Amino acid sequence: MQPSSLRRREFVLGTAMACIGARTAMAAGEASAYPERPIRLIVGFPAGGSADQSARRLADQISHQLGKPIVIDNRPGASGNIAAAAAARSPADGYTLFYGTNATQAMNVSLYPRLDYDPIKDFVPIALEGKVYNVMCTHPAFRPAEVPSLLSQVRASPGSLAVATPGNATSGHLSLVLLQRSARVQFTHVPYKGSAPAVTDVIGGQVPILFDNVAGTITHIRAGKLRPLAVTAPKRLPLLPDVPTFEELGLPDCVMAAWGGLWAPAGTPAPIVQRLNAEMNQALATAAVIDRMRELTVEPVGGSAEAAAAFVIEETQRWREVLHAAGIRLD
């Protein structure tokens, strides 16, 4: 090789390394200065709902830590798809974040014929915030009062028992689907438009059984208006220590949790994602946040962005199989 060629290669290599170094330094500089203005957090569900409450609780604490406001932008509709599409099209500069859920990041891709965003390609995860498990309840006067006897009854007469849920493809409905698959039984599903009317009708005796999240039922359970039979958690819940898991009852594969966390548009600089991940984990370790999550029966998660990404892929694959096998679709 000629000396001139060596010098030319050294020059090109040196220039490339200098550019990489400059970009790295620039990204690090952006992260150290970040944030310089308010951050927008898009939420795909109405104000006051469980996802909105979780997003606001997290935003308040992280805003305090960063010293900059985090403004909630509620864009409800289509199980969070409208908000997800808006977030995916936003600038990847760290000033628009998205509160993603099990619906927007893992299930909707199998529920809807078409999405205006790709939950994997269009987003980079920051971290998971928390999980909320479901509980199977009955009216206090309903008999039988335990899961094995209840399953024996519906096994003898398929479809004879009705189960209320907050709606089609909600976590309550999918908990019912998992139970039916595991126990090989068939209930009659009664989907409502939200948790409140479903809970009201079970308390009122119009429907005997309910599948809903613990957060929406715990007050009524404590008041004796609902009887809890089993939870969809992998282990017993601190708020319901006397209520068994479905696994304990010999019914595997019934774990079901609604979950949420923070995502940023794909292309957001890695140092900013890392900064937000650190802030989020700090927030989830704060006593005030932990206490509030415990009150709302939310299990804190946190962890790395890589762990969140792996979890989403696993959940997407799991629910693709479950939803397709059950023939559940939304338009």
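The values are calculated or read from the model by the stated rules, or taken from the named source; none is laboratory data. Quantities reported herein were computed from a predicted structural model and do not represent experimental measurements. Note that each Cβ is placed from the backbone with ideal geometry, even for glycine, and that neighbours are counted across all protein chains shown. With ligands, DNA and RNA removed, areas are computed over all heavy atoms of the protein, side chains included. Shrake-Rupley method; radii C 1.70, N 1.55, O 1.52, S 1.80 Å.
Brief remarks follow.
- With respect to (1) crowded, with 19+ Cβ neighbours inside 10 Å; (2) assigned to a loop (DSSP other than H, G, I, E, B); (3) modelled with pLDDT under 95, the lone exception for residue 268 is condition (3).
- Of all residues assigned to region 133-144, at least one qualifies as being crowded, with 24+ Cβ neighbours inside 10 Å, of a type in the set (A, V, I, L, M) and touching a residue at least 40 places away in the same chain (Cβ under 8 Å).
- When restricted to residues that are closer than 14 Å to residue 101 by Cβ and either assigned to a loop (DSSP other than H, G, I, E, B) or acidic (Asp, Glu) (or both), region 48-76 contains 4.
- Residue in region 175-184 that is open to solvent by 20 Å² or more (accessible area, probe 1.4 Å) and in contact (Cβ under 8 Å) with a residue 40 or more places away in the chain present: yes
- Looking only at region 248-301, and only at residues there that are more than 19 Å from residue 53 (Cα to Cα) and among the β-branched types (Val, Ile, Thr), the one that is nearest to the chain's Cα centre (by Cα): 255
- Scan of region 223-247 for residues that are open to solvent by 50 Å² or more (accessible area, probe 1.4 Å), more than 12 Å from residue 135 (Cα to Cα) and either acidic (Asp, Glu) or in contact (Cβ under 8 Å) with a residue 40 or more places away in the chain (or both), ordered by number: 225, 238, 242, 247
- In the condition set (1) farther than 23 Å from residue 111 by Cβ; (2) touching a residue at least 60 places away in the same chain (Cβ under 8 Å); (3) crowded, with 22+ Cβ neighbours inside 10 Å, residue 199 is compliant with all but (2).
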